[in-house]
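Reviewing the structure listed below.
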Number of protein chains: 2
Amino acid sequence: MTDDYFMMQALKEASQALEEEEVPIGAVVVINDRIIARGHNMTEKLKDPTAHAEMIALTSAFNALGAKYLPEASLYVTIEPCLMCAGAIYWSKLGRIVYGADDDKNGYRRTSRENWPFHPKAELVKGIMADECARLMKEFFDKRRG
Amino acid sequence: MTDDYFMMQALKEASQALEEEEVPIGAVVVINDRIIARGHNMTEKLKDPTAHAEMIALTSAFNALGAKYLPEASLYVTIEPCLMCAGAIYWSKLGRIVYGADDDKNGYRRTSRENWPFHPKAELVKGIMADECARLMKEFFDKRRG
C-alpha cells in the first residue's frame, strides 16, 4: 500500500465532512498497512472546537487497540495539523505523520507564536496555590517511584 | 469568589485523580463565578493520552453550554497546560487561564521546540496529494462565502 492510497482514504473522510457542512478535513490511522481508525472534523456537529479529524481518529485508535501509545502507527491527515493536534500526536508517541496540504493560517508551524499559544485576547494568571498544586504531583511521582 | 477558591476546586479534582492512581491534575471552567464544568486527568482509565484534565473540562463545558466558544470563561488548572491543551484553549477562545504550578518538563512553554511539536522519533511526510487535499478546503470556503 502506498501513501497515496491511505491519503485517498483520508480524503474520503474529508469529503464526508464536506457533505456534513463541516470544514473538510479527514484522517486515518494505519498500522501494518491496515486502517485501524478514521475520523473527520466534527466541530459543528458536536459544538466542540477540539473535535478535529486527528483527535477523533487518535481517540478511536486508542479505543480500538486498548493502547495509549502508537509508535508503530502512521497518521494520514489531509491538512497540516494545528498545534493542539500536534500535541495530541506527541502524547500518542505516533511514529509517522503524513499530511497533504499546508495550512498557512492554522498549521502547527504558524501557531507557536513565541510561547503564546493562547488566544490573543486571553489573559493568563499563574502561581495560584502553586505549592498545593505541585505537592499532589510530587506525592504521586514519589509513590510511583516506590 | 477568589482565584484561590476556584483553584481549591481544581485541587479537589486533582485529588480525585490521585485516588484513581492517575497523574493528579484537575481543572474547572468558571463563568460569572459559577463552575460550569470540571475534569481531572483520566489518561490511564481511558487508555487515552489526550484525556487531560483541561480537555475533559473544556469538552464538558461545550456540552453544558451548547456553545463552541468560551470568551467569558476562566479555566482553572492545577498545573501549567501542555501544548495540546494550550491549543484546545486557543480554539475555545477562552478568555482567562489561571494555573497553579509550572510544569518544567511538559508545560506549553517548554514544548514548542522550534517548530517540531511531534515526538522526537516521529517521521514527518508532507505534500501527499496536496492539491486534492487543499481543493476540498477551497470548495468549502468558497461556498461559505457565497
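Inspect all residues belonging to the stretch A:49-59 and state whether any of them is within 9 Å of chain B (Cβ to nearest Cβ), buried (at least 24 other Cβ atoms within 10 Å of the Cβ) and either over 18 Å from B:S92 (Cβ atoms) or β-branched (V, I, T) (or both). Checking the stretch A:49-59: at least one residue is within 9 Å of chain B (Cβ to nearest Cβ), buried (at least 24 other Cβ atoms within 10 Å of the Cβ) and either over 18 Å from B:S92 (Cβ atoms) or β-branched (V, I, T) (or both). Restricting A:Y90, A:Y69, A:Y76, A:Y99 to those that are at the interface with chain B (Cβ under 9 Å from one of its Cβ atoms), touching a Pro at 6+ places or on another chain (Cβ under 8 Å) and buried (at least 24 other Cβ atoms within 10 Å of the Cβ) reduces the list to A:Y99.
Considering the stretch B:120-141, and only residues there that are of a type outside the set (A, V, I, L, M), touching a helix residue (DSSP H, G or I) at 6+ places or on another chain (Cβ under 7 Å) and closer than 27 Å to A:A73 by Cβ, the residue that is farthest from the other protein chains (Cβ to nearest Cβ) turns out to be B:E132.
Could you check the stretch B:1-24 and list, in sequence order, the residues that are outside any helix (DSSP H, G or I) and touching a Leu at 6+ places or on another chain (Cβ under 8 Å)?
At the first step, the residues of the stretch B:1-24 found to be outside any helix (DSSP H, G or I) are B:1-2, B:20-24.
The answer is B:P24, and nothing else.
When the test is whether a residue is under 30 Å from B:L65 (Cα atoms) and either of a type in the set (K, R) or within 13 Å of the chain's Cα centre (by Cα) (or both), A:C133 does not pass it. Just one of the listed residues (A:R110, A:R144) is more than 7 Å from every other protein chain (Cβ to nearest Cβ), at pLDDT below 85, out of contact with any Phe, Trp or Tyr (no Cβ under 8 Å at 6 or more places or on another chain) and within 26 Å of B:K138 (Cβ to Cβ), and it is A:R110. Is there a residue being surrounded by fewer than 23 Cβ atoms within 10 Å (Cβ to Cβ) and closer than 23 Å to A:A67 by Cα anywhere in the stretch B:26-43? Looking through the stretch B:26-43, at least one residue is surrounded by fewer than 23 Cβ atoms within 10 Å (Cβ to Cβ) and closer than 23 Å to A:A67 by Cα. Contact annotation: residue pairs with Cβ atoms under 7 Å, 6 or more positions apart or on different chains, pairing a residue in the stretch B:110-138 that is under 20 Å from A:F6 (Cβ atoms) with a partner that is modelled with pLDDT under 80 and hydrophobic (A, V, I, L, M, F, W, C), are B:L124/B:F118. Each residue in the stretch A:11-48 was checked for being of a type in the set (A, V, I, L, M, F, W, C), touching a residue at least 24 places away in the same chain (Cβ under 8 Å) and farther than 16 Å from B:W91 by Cβ, and 11 pass.
Check whether at least one residue in the stretch B:31-41 is of a type outside the set (S, T, N, Q), more than 8 Å from chain A (Cβ to nearest Cβ) and part of a loop (DSSP other than H, G, I, E, B), and report yes or no. So far as the stretch B:31-41 goes, yes, one or more of its residues are of a type outside the set (S, T, N, Q), more than 8 Å from chain A (Cβ to nearest Cβ) and part of a loop (DSSP other than H, G, I, E, B).
The values are calculated or read from the model by the stated rules, or taken from the named source; none is laboratory data. Just so you know, these numbers come straight off a predicted model, no measurement behind them. FYI the Cβ positions are ideal-geometry reconstructions off the backbone, even for glycines, and counts take in every protein chain you see.
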